[in-house]
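The values are calculated or read from the model by the stated rules, or taken from the named source; none is laboratory data. As the structure is a computational prediction, the values presented were derived from the model and not from experiment. Backbone-built Cβ (ideal geometry, glycine too); neighbour counts: all protein chains shown.
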Amino acid sequence: MVRDAVVKDVIEIPEGVEVSCEGLKVRVKGPKGELVKDFSHVRGVNLLLTDNKVVVYSFFPDRKSKALVYTVGAHIRNMITGVLRGFRYKLKVVFAHFPISVKVGEGKVIIENFLGERAPRVAKIVGNVKVYVKGDDIIVEGIDIEEVGQTAANIERATKIRNLDRRVFVDGIYIYERGYADGG
């Protein structure tokens, strides 16, 4: 078995984005904001910032180290996309039995009258994410893909139905579209 001496992932830095690395701490600044992630928990992976490129590399990698190189590279690409374009998830409020009302409170989404329940269900908004309610649609936007995705998942999970037939009780809030905040 012959292994490559170096495995690397090269990420181009687009115009209008500023990337800085301090060890394994990456800071990405762009028109929509600034993101900081610390990859110091990742062993065997190094970062190098050269003319308009970020190089993630590992020397004499095993399978796990090779996977970590591409994982860290994907995280940095998502950070760059986030500060350039932002991320948007769209969720649809579906009900057949009881009309569901959704409100955005301080750091949480409040779902009332779900299946006729008296107590409201609550979903946490993670980080610096904006949530809008427009009719039967809920729009979740932000620059950090992890925060946007987790917030959308929290909202969807808050209306999970147990012990009822899913073919009859289709009520709930479901993710139906993922994309970029600039519409692309």
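Could you grab me the full set of residues in the range 1-23 that are hydrophobic (A, V, I, L, M, F, W, C) and either modelled with pLDDT of 90 or more or within 19 Å of Val83 (Cα to Cα) (or both)? Val10, Ile11, Ile13, Val17, Val19, Cys21 - these are the residues of the range 1-23 that are hydrophobic (A, V, I, L, M, F, W, C) and either modelled with pLDDT of 90 or more or within 19 Å of Val83 (Cα to Cα) (or both). Just so you know, in the range 54-84 the residues that are more than 24 Å from the chain's Cα centre (by Cα) and surrounded by 20 or more Cβ atoms within 10 Å (Cβ to Cβ) include one that is farthest from Glu12 (Cα to Cα), and it is Pro61.
Name the single residue, out of those in the range 26-53 being surrounded by 14 or more Cβ atoms within 10 Å (Cβ to Cβ) and of a type in the set (Gly, Ala, Ser), that is farthest from Leu84 (Cα to Cα). In this case the residue turns out to be Gly44. Of all the listed residues (Ala119, Ala153, Ala123), the sole one being surrounded by 19 or more Cβ atoms within 10 Å (Cβ to Cβ) and without any contact (Cβ under 8 Å) to a residue 60 or more places away in the chain is Ala123. Taking the criterion of being assigned to a strand (DSSP E or B) and touching a Phe, Trp or Tyr at 6+ places or on another chain (Cβ under 7 Å), the only residue of the range 105-137 that qualifies is Arg121.
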